1. How many Cβ atoms of partner chains, on average, are near each residue of E:51-64 if near means within 10 Å of its Cβ?
2. Mind listing which trypsin sites (Lys or Arg not before Pro) in region B:156-205 are in a DSSP loop and have 12 or fewer other Cβ atoms within 10 Å?
3. Compute the label-point distances linking C:LEU66 to its equivalents in the other copies; points lie 7 Å from Cα along Cα→Cβ; give nm, one decimal, shortest first.
4. What GluC sites (Glu not before Pro) in region D:1-96 are in a loop by DSSP, with at most 15 other Cβ atoms within 10 Å of the Cβ?
5. Write down the radius of gyration of region E:57-98 and its Dmax, each obtained from C-alpha positions, in Å.
6. Taking a threshold of 25 Å on the Cα-Cα distance, which of the pairs B:LYS192/C:LYS221; C:LYS58/D:LYS248; B:LYS58/D:LYS248; E:LYS192/F:LYS248 fall above it?
7. Relative contact order for region A:1-122 using alpha-carbon pairs under 8 Å, separation at least 6, rounded to a whole percent?
8. Would you compute, for the Cα atoms of region A:87-149, the largest minus smallest coordinate along each principal axis and list the three values in descending order, in whole Å?
There are 6 protein chains.
Amino acid sequence: MTHGNAPATSPPRSTLAVTAHAGDFVWRAGGAIALAASRGEKVTIACLTFGERGESAKAWREGKKLEEIKAIRREEAERAAAALGAEVRFFDAGDYPLLVTPELTDRLVAVYRDVQPDIVLTHPADDPYNGDHPAAHRMALEARILAQAIGYPGEGDIIGAPPVFCFEPHQPEMSGFRPEVLLDITDVWETKREAMECLAAQRHLWDYYTDLAVRRGVQLKRNAGPNLGLPHQTLAEAYMRPYPQIAKELA
Amino acid sequence: MTHGNAPATSPPRSTLAVTAHAGDFVWRAGGAIALAASRGEKVTIACLTFGERGESAKAWREGKKLEEIKAIRREEAERAAAALGAEVRFFDAGDYPLLVTPELTDRLVAVYRDVQPDIVLTHPADDPYNGDHPAAHRMALEARILAQAIGYPGEGDIIGAPPVFCFEPHQPEMSGFRPEVLLDITDVWETKREAMECLAAQRHLWDYYTDLAVRRGVQLKRNAGPNLGLPHQTLAEAYMRPYPQIAKELA
Amino acid sequence: MTHGNAPATSPPRSTLAVTAHAGDFVWRAGGAIALAASRGEKVTIACLTFGERGESAKAWREGKKLEEIKAIRREEAERAAAALGAEVRFFDAGDYPLLVTPELTDRLVAVYRDVQPDIVLTHPADDPYNGDHPAAHRMALEARILAQAIGYPGEGDIIGAPPVFCFEPHQPEMSGFRPEVLLDITDVWETKREAMECLAAQRHLWDYYTDLAVRRGVQLKRNAGPNLGLPHQTLAEAYMRPYPQIAKELA
Amino acid sequence: MTHGNAPATSPPRSTLAVTAHAGDFVWRAGGAIALAASRGEKVTIACLTFGERGESAKAWREGKKLEEIKAIRREEAERAAAALGAEVRFFDAGDYPLLVTPELTDRLVAVYRDVQPDIVLTHPADDPYNGDHPAAHRMALEARILAQAIGYPGEGDIIGAPPVFCFEPHQPEMSGFRPEVLLDITDVWETKREAMECLAAQRHLWDYYTDLAVRRGVQLKRNAGPNLGLPHQTLAEAYMRPYPQIAKELA
Amino acid sequence: MTHGNAPATSPPRSTLAVTAHAGDFVWRAGGAIALAASRGEKVTIACLTFGERGESAKAWREGKKLEEIKAIRREEAERAAAALGAEVRFFDAGDYPLLVTPELTDRLVAVYRDVQPDIVLTHPADDPYNGDHPAAHRMALEARILAQAIGYPGEGDIIGAPPVFCFEPHQPEMSGFRPEVLLDITDVWETKREAMECLAAQRHLWDYYTDLAVRRGVQLKRNAGPNLGLPHQTLAEAYMRPYPQIAKELA
Amino acid sequence: MTHGNAPATSPPRSTLAVTAHAGDFVWRAGGAIALAASRGEKVTIACLTFGERGESAKAWREGKKLEEIKAIRREEAERAAAALGAEVRFFDAGDYPLLVTPELTDRLVAVYRDVQPDIVLTHPADDPYNGDHPAAHRMALEARILAQAIGYPGEGDIIGAPPVFCFEPHQPEMSGFRPEVLLDITDVWETKREAMECLAAQRHLWDYYTDLAVRRGVQLKRNAGPNLGLPHQTLAEAYMRPYPQIAKELA
């Protein structure tokens, strides 16, 4: 149990995922999102770009145009979000490179104040293979701080200090990623797989991220001991925490 | 909620604290111990030495002898453990220096298999001001691994892979200590203070560790946001996790 | 003794503190500033913002307006600087977020060349709770390098390579802060306390930073040995050095 | 000026260098030793081995025997120490490998209590090219802590907490060595060179360590600015500090 | 091309793998070993223990005795080594825990001098899940240094400074493992799989390490660019280098 | 041998060096460039600024004007490039500070696509003494990623993922520089020295970088063993690799 538990009359818990490209929330955090939705919570995805330049190689090779590609990626992401039970908001900020700007950060502050997140999901700080991911990380973290300040202008109420979870990058060992939280997503695995299959443009990643979930599941069991009655096939996602965990009990 | 929750008929949860000197479990983890005891759980302290040479300067200055000092420290520690609701087992392995040996590690394996811990508390890996603390850390972690192996000889059943929490050293910034878990100990603060006051030989630390609890409490609130209904004066202890957290929910 | 000692006819030594918000120089470096002033040296504070948005929550809650808040913070900071014996220059660059720009950096270069510092004080490189602090750090360090180059345009003489000291952030362990220098501020403690009490808007920090000074003083004594004739109650401030110390003697 | 300054009637300041092999104190700390001696201070070198196996390749190739080699290295080291103005004590603990043992550590404790050092010099923590150096480091640091404890048995008075300076290893970048103190040894350079030339068995290192002194001197000037009146040719040694500097003034 | 290339009349190149347990050389370095053997080179495996206590859980659960288990593991390892084209030497030093001793290190020195390795393979420095692996690493690296010293006693010629490659641990992200070399093992994959299938006691790892080879192969291609004519399915092993690469060409 | 070897009919291998100032490619990578040119390969230097403000102190002191200084530095760099056998392209982006901008990064993308590098050379990530170097590093790495994306607009074919080598900064230990590759430049040393001597404005660095080459050569031999038939005087340059090495053989 954590401090975050709210009395029965409060609004449902709220999760905000800030991601660089249209597919990121599915591959990297689809399980966490589906779990939250399955508990009746609200999940909002702030999708900063469509990944139209940097993560749509297949479409470009087929000769598609920029706007066409953006439309395809948008439609895929919307279907994947629906499958997971989440709402996705597109910022269309332009990828490759995604630029860190005060204006885009300010738009994120507005989202924070609107959705009042209890939990924030975003990219980790480093990724030597894709500069857009660290850019999204920096803006997600800066906007979270600004949104807490009563002196920062804008609509809506200030927020608290919601815990942040950074999801796994594509090449974790090269990105300084150490699994600090292993989340059991076995119960929602079918939902995550369904959402992945909405992303037809990146079909080669379906099995890749299935294998990753199996591997993180094995690791979860190795770190949990043999006695927990976990199912034979446990699936998991890994996260880092940039801020300390608040606990009422060590567990 | 975590995987660790057991069915109603299982034995109470078990915590094992492995510490170098007689006072360590009080100053550094007294709150966690008192919390566990207050939930009806079992807490066992494996106290490797009495701190008779390295942490009893006052007694030596008063001209006391080695055995006398050990008896005083033992008695103080037993009273403090009783105040917290825990059992303390003394290894009398000799401090300053506490040596890492296979024999002492083997004695720890036997304790692990006896108490079957769900949670392990111990010193962090580094402390440039006291070599006994890292020595205790290394043996606590190695014994935990050995106790998991069916092929390692000895009495008792093998154990699972209980999570480990490293408590705060005296000079945290010099010891690479980063608070990864902030544990709210407000509800058991009076008990911890009472246990600290059992340690008459180190009276100068009573207020020092009270101030630390206040400061970690301020930090807890700063990381939790204004909305949690925390009491004005929150007190806390800080821990590091050398192994990943296993979770069914991000919080 | 260090290389920095100057012949009797040279101008007094000069300290430059580059800080993000109006209160920073008091909480974090008030002792060092008061010590320098007490030796008859010149201290200049380059205060990049008033902390009007990010560190004036109480005033915003009371319904004050932006310009009003800036005026209050300015007045408080001027009184605190006077108490310490320093001159403060306000840049009014806007906080939350403080943006790193070539223009603001250039204004800092001009200050460096004007005050010709023998010592530079500023924020450390990291602070996950406040992005303005690292922004000030980056500009302080970059301007120091630019001001050394004869080819960089602007008024005034180029500077040498003054040593830099990074003062302590609010959550040191979370910011990678390791005390590398412990400065004995016992002799000027009353002055620092007086300066803190000029900052009425942040009354809750008065005792917090008093406790920190006590704690750093305890640490100073622990690292200095029992033989130095230090007073029972020693108070201290902690600093990091991003550049090597230049010494004529190891001590 | 530092806390270490003693009243006129106290004994001269004392430096203790703990080194693995017979030549180490010359190459790596000869300047610091000569400086201290030139100020009338006492310098004691605890030389744990003669480097008879690991650093005497030339003698082995010439067919010399173990005892013969030890005698040569001892004689060279004694002459070098005399040149620097220091006393050297040989432990003959056996090199390649130098083993970390409680017995050898205990002998070091006795030296600490005997010489009552104000300053400690030793190897840094890491050296992937020579395991004896980290072994000496670990024992030097552990003995320093044990010697502070009144409860640790043995002759002599307990010591304070003298600052420690780790001198430069042969391959600094591969050993995690970062120059934290650059010591100006220009005034005693001729003495250091003379001491190096006492080490005939390692003639190829004379110029190597001369070049290093030049390079560290250039770095000293680069970190000190153009205004200090340093001589054209400044020579320096580099050190790391595992413990914080205690200061009465930032400089 | 590297410096290691030898003239036509020299003996074949020699690889030495130092491993903690009987299966390690197969899972972690089977590809590198098979590649070397396929080039007609000599490969020697120094297998410090049979993994009889720590990695034979299945056999213990089936009620087998210690000597029986050691015999099984030995026989499996010999068949796997034969499949790869390597010779395995058993040290039977006892696992769980594998102790770092001067005697065992000395036995390794003798192997180094006997096989005169051009390449060394061993475990990386850290593994929080298995203390035997770091113990093997430390002895492998220390023996390599000792074997270079003409003054270290024993049979055989001294060795040069062969490059060291640390193979991948079971939980790479938790062990600080960063892939620094990705070795293409596609051509010998069938051989590695055959060797893995010799290890009947750890059948659950066959597919695990096949998946790992696929994943490292994907990573190899991602770091190599699309233009290299790599096969669709590339398989790879990952290694770290504790010492710098020596090169005649950047590639 | 590496994957990079191309069939006989392909174009010569191509090296791209991205540097901040006019002299950088000579001091830090002149050997690698001369080696590549000596093999008949193409080398292109993208020189972002002339170093007109930050690295031309002598000219400024002599009263020269900005455009004059730029002309001098250009002419020197062109002669040095010619001596090495490389082509240099000047961006004239303005130094001290060199600003990271999308426009300059885009110009670098165009160069990447034009020269289709097999190898990239650039500054390392950190340099606390010169902010232009890290700025060049960041743009070099980001442009390399953008140039790989078919969706990124511009002329020319997309590139693969060429390996990156970061050359040595002026103060390596202060910049986190660890030699990961030691390149033997003995065969082209005369050429590098000749190129250095084209840089009359920085005459004081000629010997400095000669000494560095000697020292890195000594280190190369220490890491290569005595058996390689290296010449008595080996000269070398050091590099870091931000991405893993791709290998067909461990060596």
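1. On the way: counts 1, 1, 6, 7, 2, 3, 6, 1, 2, 5, 2, 0, 0, 1.
Per-residue shielding by partner chains comes out at 3.
2. On the way: sites: B:LYS192, B:ARG193, B:ARG203; in loops: B:ARG203.
Sparse-neighbourhood loop trypsin sites (Lys or Arg not before Pro): B:ARG203.
3. For C:LEU66, the other copies' label points sit at 3.3, 3.3, 7.3, 7.8, 8.1 nm, shortest first.
4. Details: sites: D:GLU41, D:GLU52, D:GLU55, D:GLU62, D:GLU67, D:GLU68, D:GLU75, D:GLU76, D:GLU78, D:GLU87; in loops: D:GLU41, D:GLU52, D:GLU55, D:GLU62.
Those that pass, being in a loop and sparsely packed, are D:GLU62.
5. Over region E:57-98's Cα set, Rg and Dmax evaluate to 11.8, 33 Å.
6. Numbers: B:LYS192/C:LYS221 27 Å; C:LYS58/D:LYS248 36 Å; B:LYS58/D:LYS248 29 Å; E:LYS192/F:LYS248 16 Å.
Violating the 25 Å Cα-Cα cut-off are B:LYS192/C:LYS221; C:LYS58/D:LYS248; B:LYS58/D:LYS248.
7. Working: 171 pairs, mean separation 45.9, N = 122.
Worked out over region A:1-122, it gives 38 percent.
8. Computed over region A:87-149, the largest-to-smallest principal extents equal 32, 24, 21 Å.
The numbers here are math on the coordinates, done by the rules we state, and not lab data. Remember, it's a predicted structure, so these values are computed and weren't measured experimentally. Note that each Cβ is placed from the backbone with ideal geometry, even for glycine, and that neighbours are counted across all protein chains shown.
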